[in-house]
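These notes concern the structure reproduced below.
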Amino acid sequence: MATNMTNTAPIPELFVSYDSAQKLRVEAGSLPSWDLTPRQVCDLELLMNGGFHPLKGFLAEADYDGVVSGMRLADGTLWPIPITLDVSEKFADTVTPGQDIALRDPEGVILAILSITDKWSPDKAREAAAVYGADDLAHPAVNYLHNTAGPVYLGGPITGIQQPVHYDFRARRDTPNELRAFFRKMGWRRVVAFQTRNPLHRAHQELTFRAAREAQANLLIHPVVGMTKPGDVDHFTRVRCYEAVLDKYPAATTHLSLLNLAMRMAGPREAVWHGIIRRNHGCTHMIVGRDHAGPGKNSAGQDFYDPYAAQELFREHQSEIGLEMVDFKQMVFVQERAQYEPRDEVEEGATILDISGTELRRRLREGIEIPDWFSFPEVVAELRRTSPPRHKQGFTVFFTGLSGSGKSTIANALMIKLMEMGGRPVTILDGDVVRKHLSSELGFSKEHRDINIRRIGYVASEITKNGGIAICAPIAPYTATRRAVREMIETYGAFVEVHVATSLEECERRDRKGLYKLAREGKIKEFTGISDPYEEPTTPEVRVGTEGVDVDYSAQQVLLKLENMGLIAG
Ligand code: PPS
């Protein structure tokens, strides 16, 4: 039975008492320890504070199998998303079931102890297909699974020592028990949760408030501030926007609370998961919309999930989730009536005004007006503050290609042309130069090349974040690593991949540094193109040839693309 009254009784947490935590922290200092990834920190926080109740730790193998194949723990409890502790092989080899390990945040603070019961190497292709619907790297969680997550999973119960530390928006963060206590104190008997990873505009405000009215409930704006879809508006900006919108609701009807969840963009399964999490936070209803937690298009350009699959799966499991679904009504602005109305109730012939997400991003990028009927001036001002027009933002141009393909030459020409234009500082991160200053200890194994490229990506992302232009020119032979760098940078600005597509034959003919000859003679090992792979980019922003064209022309092709993307003023 779905509850329709808030459950304000405390939910079990996995923390030990303050005194025990002090003692455990000292003891845990001598245990083997695992440094948690950002996603694992998010998962651990919700495990410990009851957000993932009834889980008592990272999934053991039997629970994992049940969740992957049928959305159920081994005891039959509904649980749609595998919450697993993935680790490196190297670390996995040092621990065995029966052992305790300390879990530390990135600064080394011990947050919890994991008592390992299970250790196994998952079949990731099976997990991807069953949980996310397809083993397709265009899905952010599938890409994460294959390219970021470690190969071995450790499972077992958690003993919580302390919450991860947050320095931002502390007053807006609530554990499930804090929210339950708040609802109790306010006398809120029915609460509708609104899950979001986007800034709210007028249509959202209308639909959320309407949903609350229909359910005769109060409203909880419960945005995700842990990890969302790569490329989303950063959570600092979003929270300032949410705070501005909060003032637009009638006093004391609505509460804003931040959820440190790491989303997977798993559509239907994710909707069920979101429901369970909101139930744990004491809510009675949740708004589920079209394409809830959708990951975008697959590699064939089609939607991963049917837009209504999330609502269907939720409805099917509603009583087990213990929370009622409220349909998300698409609200549109009707010009003649100067008000928002549900799209399916608009009179025939009326003029509907709408601005899509893509159109909004274009307007922000190009500094074009965003009308008052669409959003609140405070929200627009916040968005403009963090997204100045593109030609004022930082960006990265990432050249990739074989040794001797002409990357550095074109990169240097491009740098000079951009410096001539002025306005933003330009930094070049050339393959050879980086290897001298940043990566001098690295060789050319896959592992070392990946470290090298990630270092370049990190520096480029910092430059991009701070409004500069980074021009990188390494070989960067692996698609997955280039993609990881793209994701790192796109959080802050544009990433323009340029494939310098000079053929191997031509590079070898030129052999500017005499390296190909040495590689052919076997005197240089693991040489790209000769004895090591080069995975060509399939969809770079620009592909330039260098055979029979001069450097100026190639640099010009890149400049035209930059102009076309709005990155330099036309
Ligand atoms: S990678 O794969 O992106 O980390 O390589 P990168 O940092 O760009 O370094 C490439 C330059 O190092 C020289 N060099 C080699 N390249 C490829 N394979 C092997 N084994 C190798 N050994 C040395 C070479 O001069 C490359 O410079 P470019 O400018 O690309 O010719």
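The values are calculated or read from the model by the stated rules, or taken from the named source; none is laboratory data. This one's a predicted model, so the numbers in the text were calculated from it and none came from an experiment. Cβ: placed from backbone, ideal geometry, glycine included. Neighbour counts: every protein chain shown. Each accessible area value is taken on the protein alone, full model and side chains, heavy atoms only, with ligands, DNA and RNA left out. Shrake-Rupley method; radii C 1.70, N 1.55, O 1.52, S 1.80 Å.
Some values worked out for this structure:
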read-out: Residue ID - surrounded by the most Cβ atoms within 10 Å (Cβ to Cβ), chosen from residues in segment 486-527 that are within 11 Å of the ligand (Cβ to nearest atom) and among the aliphatic types (A, V, I, L, M); value: V500
read-out: Listing of helices (runs of 4 or more DSSP H) fully contained in segment 102-217 that carry 3 or more residues being in the same structural domain as H255 (by TED's automatic domain parsing) and over 25 Å from V233 (Cβ atoms); value: 176-186
read-out: Residue list for segment 378-402, restricted to those being acidic (D, E) and within 16 Å of the ligand (Cβ to nearest atom); value: none
read-out: Residue identified as surrounded by fewer than 24 Cβ atoms within 10 Å (Cβ to Cβ) and of a type in the set (G, A, S) among G289, G275, G282; value: G289
read-out: Filter result (of a type outside the set (S, T, Y) and either at pLDDT below 95 or near the ligand (Cβ under 8 Å from one of its atoms) (or both)) within segment 427-440; value: D430, G431, D432, V433, V434, R435, K436, H437, L438
read-out: Top-ranked residue of segment 41-55 - restricted to ones that are in contact with a helix residue (DSSP H, G or I) (Cβ under 8 Å, 6 or more places away or on another chain) and in a loop (DSSP other than H, G, I, E, B), ranked as farthest from Y132 (Cα to Cα); value: G50
read-out: Residues (open to solvent by 20 Å² or more (accessible area, probe 1.4 Å) and either over 31 Å from the mean Cα position of the chain (by Cα) or within 16 Å of the ligand (Cβ to nearest atom) (or both)) located in segment 403-426; value: G404, S408, T409, N412, A413, M415, I416, K417, M419, E420, M421, G422
read-out: Pair list, Cβ < 9 Å and 6+ apart or interchain, from segment 461-476 residues that are on the phi > 0 side of the Ramachandran plot to residues that are small (G, A, S) and within 13 Å of the ligand (Cβ to nearest atom); value: A476/G401; A476/G431
read-out: Filter pass, V95 being modelled with pLDDT under 95, surrounded by fewer than 22 Cβ atoms within 10 Å (Cβ to Cβ), β-branched (V, I, T) and over 23 Å from the mean Cα position of the chain (by Cα); value: no
